[in-house]
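Inspection log for the structure reproduced underneath, given as C-alpha coordinates.
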Amino acid sequence: QLTVYQQRNLIKSFDDVSRVAQAMSTSGFFADSKSAAQAIVKILAGQEMGFGPFASMSSIYIIDNKPSIGANLMAAAIKASNKYDYHITEHTPLACEIAFFENGKEIGKSRFTIEDATKAGLIAKSTWQKYAKNLLFARSISNGTRWYCPDVFNGTTVYTPEELGADVDE
(Lines give C-alpha, C1' and ligand atoms only; values in the text may rest on other atoms or scores of the structure.)
Protein backbone atom coordinates (compact mmCIF):
# COMPACT_ATOMS: atom_id res chain seq x y z
CA GLN A 1 0.00 0.00 0.00
CA LEU A 2 1.31 3.43 -0.95
CA THR A 3 1.73 6.18 1.60
CA VAL A 4 -0.04 9.51 1.07
CA TYR A 5 3.30 11.02 0.09
CA GLN A 6 3.87 8.32 -2.54
CA GLN A 7 0.33 8.76 -3.90
CA ARG A 8 0.80 12.51 -4.27
CA ASN A 9 4.02 11.95 -6.16
CA LEU A 10 2.58 9.53 -8.71
CA ILE A 11 2.03 12.56 -10.94
CA LYS A 12 5.42 13.69 -12.12
CA SER A 13 4.67 15.25 -15.51
CA PHE A 14 1.97 17.06 -17.40
CA ASP A 15 1.35 13.86 -19.35
CA ASP A 16 0.63 12.09 -16.05
CA VAL A 17 -1.82 14.85 -15.08
CA SER A 18 -3.48 14.66 -18.50
CA ARG A 19 -3.98 10.90 -18.31
CA VAL A 20 -5.40 11.05 -14.79
CA ALA A 21 -7.62 14.03 -15.68
CA GLN A 22 -8.95 12.26 -18.76
CA ALA A 23 -9.80 9.16 -16.74
CA MET A 24 -11.47 11.13 -13.98
CA SER A 25 -13.47 13.45 -16.23
CA THR A 26 -14.79 10.59 -18.36
CA SER A 27 -15.61 8.43 -15.32
CA GLY A 28 -18.79 10.41 -14.68
CA PHE A 29 -18.07 10.53 -10.94
CA PHE A 30 -17.21 14.25 -10.87
CA ALA A 31 -20.17 16.32 -12.08
CA ASP A 32 -18.27 19.60 -12.03
CA SER A 33 -15.49 18.34 -14.34
CA LYS A 34 -17.01 17.43 -17.67
CA SER A 35 -13.76 17.94 -19.58
CA ALA A 36 -10.17 16.87 -19.06
CA ALA A 37 -9.16 20.56 -18.99
CA GLN A 38 -11.44 21.23 -16.00
CA ALA A 39 -10.06 18.17 -14.24
CA ILE A 40 -6.49 19.27 -14.96
CA VAL A 41 -7.13 22.63 -13.31
CA LYS A 42 -8.53 20.97 -10.21
CA ILE A 43 -5.70 18.43 -10.01
CA LEU A 44 -3.00 21.08 -10.47
CA ALA A 45 -4.65 23.39 -7.92
CA GLY A 46 -4.76 20.51 -5.46
CA GLN A 47 -1.18 19.54 -6.19
CA GLU A 48 -0.06 23.10 -5.37
CA MET A 49 -1.91 22.84 -2.07
CA GLY A 50 -0.45 19.42 -1.28
CA PHE A 51 -3.30 17.08 -2.25
CA GLY A 52 -3.43 14.06 -4.48
CA PRO A 53 -5.60 13.79 -7.59
CA PHE A 54 -8.61 12.06 -6.06
CA ALA A 55 -8.82 14.42 -3.07
CA SER A 56 -8.48 17.34 -5.47
CA MET A 57 -11.25 16.09 -7.75
CA SER A 58 -13.52 15.30 -4.78
CA SER A 59 -13.07 18.43 -2.69
CA ILE A 60 -11.67 21.30 -4.76
CA TYR A 61 -14.09 23.53 -6.64
CA ILE A 62 -13.46 26.55 -8.84
CA ILE A 63 -16.16 29.11 -8.12
CA ASP A 64 -16.02 32.53 -9.76
CA ASN A 65 -12.42 31.80 -10.76
CA LYS A 66 -11.39 31.22 -7.14
CA PRO A 67 -10.34 27.91 -5.65
CA SER A 68 -12.51 26.63 -2.86
CA ILE A 69 -12.00 23.49 -0.88
CA GLY A 70 -14.09 21.46 1.47
CA ALA A 71 -13.62 22.03 5.18
CA ASN A 72 -12.47 18.42 5.46
CA LEU A 73 -9.43 19.14 3.25
CA MET A 74 -8.60 22.26 5.24
CA ALA A 75 -8.75 20.28 8.46
CA ALA A 76 -6.68 17.44 6.94
CA ALA A 77 -4.02 19.85 5.69
CA ILE A 78 -3.66 21.40 9.13
CA LYS A 79 -3.47 17.99 10.81
CA ALA A 80 -0.91 16.78 8.22
CA SER A 81 1.23 19.85 8.76
CA ASN A 82 4.33 19.48 10.88
CA LYS A 83 3.81 23.06 12.00
CA TYR A 84 0.08 23.48 12.74
CA ASP A 85 -2.68 21.69 14.59
CA TYR A 86 -6.16 22.48 15.85
CA HIS A 87 -8.49 21.30 18.58
CA ILE A 88 -12.25 21.80 18.65
CA THR A 89 -13.10 23.45 21.96
CA GLU A 90 -16.85 23.79 21.36
CA HIS A 91 -19.12 22.22 18.76
CA THR A 92 -22.87 22.49 19.19
CA PRO A 93 -25.77 23.34 16.87
CA LEU A 94 -25.33 26.96 18.05
CA ALA A 95 -21.56 27.52 17.90
CA CYS A 96 -18.22 26.09 16.92
CA GLU A 97 -14.90 27.22 18.36
CA ILE A 98 -11.54 25.90 17.26
CA ALA A 99 -8.18 26.59 18.90
CA PHE A 100 -5.22 26.75 16.52
CA PHE A 101 -1.67 25.78 17.41
CA GLU A 102 1.71 26.47 15.85
CA ASN A 103 4.55 24.22 16.96
CA GLY A 104 2.45 23.15 19.95
CA LYS A 105 1.68 26.69 21.15
CA GLU A 106 -1.85 28.11 20.90
CA ILE A 107 -1.87 31.04 18.49
CA GLY A 108 -5.57 31.89 18.44
CA LYS A 109 -9.16 30.74 18.24
CA SER A 110 -11.77 30.89 15.54
CA ARG A 111 -15.41 30.95 16.60
CA PHE A 112 -18.51 31.04 14.44
CA THR A 113 -22.04 31.06 15.84
CA ILE A 114 -25.59 30.84 14.61
CA GLU A 115 -25.80 34.52 15.51
CA ASP A 116 -22.89 35.22 13.11
CA ALA A 117 -24.62 33.17 10.41
CA THR A 118 -27.84 35.12 10.94
CA LYS A 119 -26.01 38.48 10.68
CA ALA A 120 -24.36 37.29 7.46
CA GLY A 121 -27.74 36.29 5.99
CA LEU A 122 -26.78 32.62 5.86
CA ILE A 123 -29.29 31.05 8.22
CA ALA A 124 -32.17 31.48 5.77
CA LYS A 125 -30.53 29.03 3.35
CA SER A 126 -31.93 25.51 3.54
CA THR A 127 -28.45 24.04 3.86
CA TRP A 128 -27.85 26.01 7.05
CA GLN A 129 -31.20 24.91 8.44
CA LYS A 130 -30.36 21.25 7.75
CA TYR A 131 -26.64 21.12 8.56
CA ALA A 132 -25.92 24.04 10.90
CA LYS A 133 -23.45 22.14 13.07
CA ASN A 134 -21.39 21.05 10.04
CA LEU A 135 -21.41 24.51 8.50
CA LEU A 136 -20.43 26.16 11.78
CA PHE A 137 -17.37 23.89 11.78
CA ALA A 138 -16.67 24.71 8.12
CA ARG A 139 -16.77 28.45 8.74
CA SER A 140 -14.67 28.17 11.91
CA ILE A 141 -11.99 26.05 10.25
CA SER A 142 -11.84 28.23 7.13
CA ASN A 143 -11.58 31.49 9.07
CA GLY A 144 -8.95 30.01 11.39
CA THR A 145 -6.96 28.63 8.48
CA ARG A 146 -6.81 32.06 6.83
CA TRP A 147 -6.06 33.86 10.11
CA TYR A 148 -3.58 31.50 11.75
CA CYS A 149 -2.24 29.03 9.14
CA PRO A 150 -2.17 30.92 5.82
CA ASP A 151 0.98 29.17 4.63
CA VAL A 152 -0.51 25.68 4.98
CA PHE A 153 -1.75 26.02 1.37
CA ASN A 154 1.48 27.48 0.00
CA GLY A 155 0.13 31.01 -0.23
CA THR A 156 -3.20 30.19 -1.87
CA THR A 157 -6.10 31.93 -0.15
CA VAL A 158 -8.79 29.31 0.16
CA TYR A 159 -12.49 29.47 0.87
CA THR A 160 -15.09 26.83 1.47
CA PRO A 161 -17.64 26.56 -1.37
CA GLU A 162 -20.44 28.07 0.74
CA GLU A 163 -18.29 31.15 1.43
CA LEU A 164 -18.30 31.78 -2.31
CA GLY A 165 -22.06 31.39 -2.54
CA ALA A 166 -22.28 27.74 -3.61
CA ASP A 167 -25.17 25.69 -2.37
CA VAL A 168 -23.66 22.77 -0.47
CA ASP A 169 -24.97 19.84 1.47
CA GLU A 170 -23.56 17.87 4.36
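The values are calculated or read from the model by the stated rules, or taken from the named source; none is laboratory data. None of the values given here were measured: they were computed from a predicted structure. Glycine gets a Cβ as well: all are built from the backbone with ideal geometry, and neighbour counts include every protein chain shown. Side chains are part of the model used for accessible areas, which takes the heavy atoms of the whole protein and leaves out ligands, DNA and RNA. Shrake-Rupley method; radii C 1.70, N 1.55, O 1.52, S 1.80 Å.
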Within segment 18-37, which residues are open to solvent by 50 Å² or more (accessible area, probe 1.4 Å) and of a type outside the set (Gly, Ala, Ser)? ARG19, GLN22, THR26, PHE29, ASP32, LYS34
How many of the residues in segment 126-162 are surrounded by fewer than 13 Cβ atoms within 10 Å (Cβ to Cβ) and assigned to a loop (DSSP other than H, G, I, E, B)? 3
List every residue pair whose Cβ atoms lie under 9 Å apart, where the two residues are 6 or more positions apart in sequence or sit on different chains, the first residue falls within segment 133-148 and is within 13 Å of ALA117 (Cβ to Cβ), and the second residue, located anywhere, is among the polar types (S, T, N, Q) and open to solvent by 30 Å² or more (accessible area, probe 1.4 Å). LYS133/THR92; LEU136/THR92; ALA138/ASN72
Quick test of your reading of the structure: TYR148 fulfils all but one of (1) under 22 Å from ASP64 (Cα atoms); (2) of a type in the set (Ser, Thr, Tyr); (3) more than 14 Å from the chain's Cα centre (by Cα). Name the failing condition by number. (1)
Looking at segment 41-96, which of its residues are within 20 Å of TRP128 (Cα to Cα) and hydroxyl-bearing (Ser, Thr, Tyr)? SER59, TYR61, SER68, THR92
Hits in segment 39-62 (condition: under 20 Å from LEU164 (Cβ atoms), open to solvent by 10 Å² or more (accessible area, probe 1.4 Å) and more than 12 Å from the chain's Cα centre (by Cα)): VAL41, LEU44, GLU48
Residues of segment 106-122 being out of contact with any Cys (no Cβ under 9 Å at 6 or more places or on another chain), open to solvent by 50 Å² or more (accessible area, probe 1.4 Å) and of a type in the set (A, V, I, L, M, F, W, C), in sequence order, are ALA120
